[in-house]
Amino acid sequence: MAPGRTSYEFPALQQCNTWVESLESVNSKTHKEIFKQHNKMNRETLKINKNGETLTITKSATETNGQITEFEGTDEPGIGPPMHVHFKQEEMVRVTKGKMRVKTLTKEFSLGEGQEYIFAAGEAHQFWNEDDKTLHYTGHVKPSNNYEYFIKHVYQSANEANDDKPSPFDAAFLLTKYKSEMDMLVIPKPVKTILFPVFLAIGKLTGKYKKYSDAPAAI
């Protein structure tokens, strides 16, 4: 290179630099697109066929070392999870489209687009779509604990029973196994104390619970 001249004063070298910069830009965009596609592929969407409720795990416990599980959900008008409680987790919901009605044991209120609410650990709650269009929301449970295992089997059981709730046998297993973490208040206490042990005994004898052989220990 001649003294006093930069590379940009040589047309061929300048063109080469331009190609390199363009290639780096393309590679950067390609990597970002690949990363986005990878994240989408890793997303798992659960759906209750009976009422159309969906829940997509957007960030799982395996990605956060159990610190948090993030999700997106949709509910049709009048639809939403029943009264339940997470004893060792907070749960946050944020409305992205539509209107959500929220109810705890002490209050009831609405959330509009962009609004959110955090249910403290031990705060029983339920929410549903109070609009006439599909409700879209995001949220998280923190820490993850066994939430993902529990909710996946609730949805699976509901579909197997062609219902919007898990079968009595699966409800008995899940709510007994993870009673230190979660409860569904919509199920009367006498059912849990009197009938659940009967369902559990029959379920064990008939092999209904073989599918839970990989169930993680309760926390």
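The values are calculated or read from the model by the stated rules, or taken from the named source; none is laboratory data. The structure presented is a predicted model; accordingly, all values stated were derived computationally and were not measured. Every residue, glycine as well, gets a Cβ built from its backbone with ideal geometry; the counts of neighbours run over all protein chains shown.
Observations on the structure shown:
- Here 157, 180 are screened, and the one residue that is under 28 Å from residue 67 (Cα atoms), crowded, with 18+ Cβ neighbours inside 10 Å and at pLDDT 95 or above is 157.
- Listed by position, the strands (runs of 3 or more DSSP E) enclosed by region 60-151 that each have at least 1 residues that are of a type in the set (Ser, Thr, Tyr) and over 20 Å from residue 218 (Cβ atoms) are 69-75, 90-97, 100-104, 108-111, 116-119, 135-142.
- Test: residue in region 171-191 that is among the charged types (D, E, K, R), free of Cβ contacts under 8 Å to residues at least 40 places away in the same chain, more than 23 Å from residue 95 (Cβ to Cβ) and in contact with a helix residue (DSSP H, G or I) (Cβ under 8 Å, 6 or more places away or on another chain): no
- Residue in region 90-99 that is in contact with a Lys or Arg (Cβ under 7 Å, 6 or more places away or on another chain) and modelled with pLDDT of 95 or more present: yes
- When 140, 125 are checked against the criterion of being farther than 17 Å from residue 178 by Cβ, within 15 Å of the chain's Cα centre (by Cα) and buried (at least 19 other Cβ atoms within 10 Å of the Cβ), a single residue qualifies: 140.
- When each of 74, 45, 58, 106 is tested for being modelled with pLDDT under 95, within 27 Å of residue 129 (Cβ to Cβ) and not hydrophobic (A, V, I, L, M, F, W, C), the lone residue that passes is 45.
- Within the set 90, 130, the sole residue that is surrounded by fewer than 20 Cβ atoms within 10 Å (Cβ to Cβ) and closer than 25 Å to residue 61 by Cα turns out to be 90.
- Evaluating residue 194 against the criteria (1) surrounded by fewer than 17 Cβ atoms within 10 Å (Cβ to Cβ); (2) over 20 Å from the mean Cα position of the chain (by Cα); (3) farther than 23 Å from residue 83 by Cβ leaves one unmet condition, (3).
- Within region 64-79, the set of residues being in contact with a Leu (Cβ under 9 Å, 6 or more places away or on another chain) and under 16 Å from residue 152 (Cα atoms) comprises 71, 72, 73, 74.
- Residue 186, sole failed condition from (1) surrounded by fewer than 18 Cβ atoms within 10 Å (Cβ to Cβ); (2) outside any loop (DSSP other than H, G, I, E, B); (3) among the aliphatic types (A, V, I, L, M): (2)
- Lone unmet requirement of (1) touching a Leu at 6+ places or on another chain (Cβ under 8 Å); (2) farther than 27 Å from residue 76 by Cβ for residue 150: (2)
- The criterion of being assigned to a loop (DSSP other than H, G, I, E, B), of a type outside the set (D, E, K, R) and without any contact (Cβ under 8 Å) to a residue 12 or more places away in the chain holds for residue 217.
- Here residue 192 fits the description: modelled with pLDDT of 95 or more, in a helix (DSSP H, G or I) and farther than 30 Å from residue 62 by Cβ.
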